[in-house]
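The values are calculated or read from the model by the stated rules, or taken from the named source; none is laboratory data. Only a predicted model underlies this, so the values are computations on that prediction, with no experimental measurement involved. FYI the Cβ positions are ideal-geometry reconstructions off the backbone, even for glycines, and counts take in every protein chain you see.
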Amino acid sequence: MFSAAHPEHWLAFTAFVLLALGLDLGVFHRKSHRVGFREALGWTAVWTASAMVFAFVAAPRWIQGWGSTEATSFVTGYVVELSLSMDNVFVIAVIFRYFHVPESWQHRVLIWGILGALVMRAVMILAGAAVIHRYHWTLYLMGAFLVYTGVKMLRSSGGMESVDPEHNPVVRLVRRLVPLAPAYDEDRFFTIHQGRRMLTPLALVLVVVETTDVVFALDSIPAIFGVTSNAFIVFTSNVFAILGLRSLYFVLASLMGYFRLLKYGLAIVLVFIGVKMLADHWLKAWLGDYLVNVSLGFVIGTILTSMLASVILGVREQDSPDGKAS
């Protein structure tokens, strides 16, 4: 039974990620440009296909003991992270709009934001795995936290438009401690203004995106640990989801209005995973190996249902004379 990846597996996977990012930065996106819907959709398909190839083709041949249960846990973790990242996508769209970031520069912010996110997620996942391995009862704390977060999301009436980067304490700290240029200097993060080297507003946007990701990671990482406690599966599924987040942003950013019910679907997923963590012992005794399949089916079904319901609601509102769904 697959229990832990060897160090060479971690190194090989890290090398793959660095190679992929190097090709992305140095070959495919050397120059800043506006990422169109078709290009973003194509890259989203590439990253999704890469994740599935890893789970069902590469990993079974590469890692001894990797079977259908591990592959299903990987896919479930991937779907959970990608789904929760959709919420992050909408917040990033608000941030870009707030700071008036031109579309041609947004990709540069996202790629560097993803690099930072990968490092932070790796640290959080390894630390979380170590804590869970030593203090298994912390899983119950994570489960309770996810239930609380999910219920809070269900009861919340605030939309994405309520996000205000000016209230971000990190933004205030950066503006207080670091010289900040008054205007953008194309897609640069640093510039020379009045003879001084300063951060550009684009660097401030990057800081906001990074801190936002940390906040979302506090929900998403415990959620994946609710799927599996295997650190390698948690890490690899998380990384593939983050790598696809950049292209997913450009696919979904223009469709924000159509997915207004997605928040409720995500909240239900968090509550479900939280309850699963709290009742894991009884659920495993009842469902056995079928538990991972049930979890995957529930997560995918809930997310798709919330998205479909959002689209139907939007269509009904457009067809209604008073602009309200009947």
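Before we move on, is PHE96 modelled with pLDDT of 85 or more, more than 29 Å from ILE233 (Cα to Cα) and not aliphatic (A, V, I, L, M)? Judged against the criteria, PHE96 is a match. If you go through region 176-213 and keep only what is in a helix (DSSP H, G or I) and among the basic types (Lys, Arg), you end up with just ARG176.
Checking ILE273, ILE300, ILE312 one by one, the residue that is of a type in the set (Val, Ile, Thr) and crowded, with 19+ Cβ neighbours inside 10 Å is ILE273 and no other. VAL208: in contact with a Pro (Cβ under 8 Å, 6 or more places away or on another chain) and modelled with pLDDT under 80, yes or no? Judged against the criteria, VAL208 is not a match. Scan region 143-162 and give yes if some residue there is hydrophobic (A, V, I, L, M, F, W, C), closer than 30 Å to ASP187 by Cα and surrounded by fewer than 19 Cβ atoms within 10 Å (Cβ to Cβ), otherwise no. Yes.
Only one of these is closer than 22 Å to VAL101 by Cβ and buried (at least 18 other Cβ atoms within 10 Å of the Cβ): ASP219, ASP185, ASP213. Name it.
ASP213
Taking the listed residues LEU206, LEU199, the one that is among the aliphatic types (A, V, I, L, M), surrounded by fewer than 23 Cβ atoms within 10 Å (Cβ to Cβ) and under 30 Å from ALA267 (Cα atoms) is LEU206, with no other qualifying. Here region 218-250 is the region considered, the condition is being among the hydrophobic types (A, V, I, L, M, F, W, C) and within 14 Å of ILE92 (Cα to Cα), and the residue that is modelled with the highest pLDDT is ILE242.
Exactly one residue out of PHE250, PHE225, PHE235 is touching a residue at least 60 places away in the same chain (Cβ under 8 Å) and either in contact with a Lys or Arg (Cβ under 8 Å, 6 or more places away or on another chain) or of a type in the set (A, V, I, L, M) (or both), and it is PHE235.
Taking region 120-159 as the range and being closer than 28 Å to VAL209 by Cβ and of a type in the set (Gly, Ala, Ser) as the test, the residues that pass are ALA122, ALA127, GLY128, ALA129, ALA130, GLY150, SER156, SER157, GLY158, GLY159. Restricting PHE232, PHE216, PHE240 to residues that are in a helix (DSSP H, G or I) and touching a His at 6+ places or on another chain (Cβ under 9 Å) narrows the list to PHE232.
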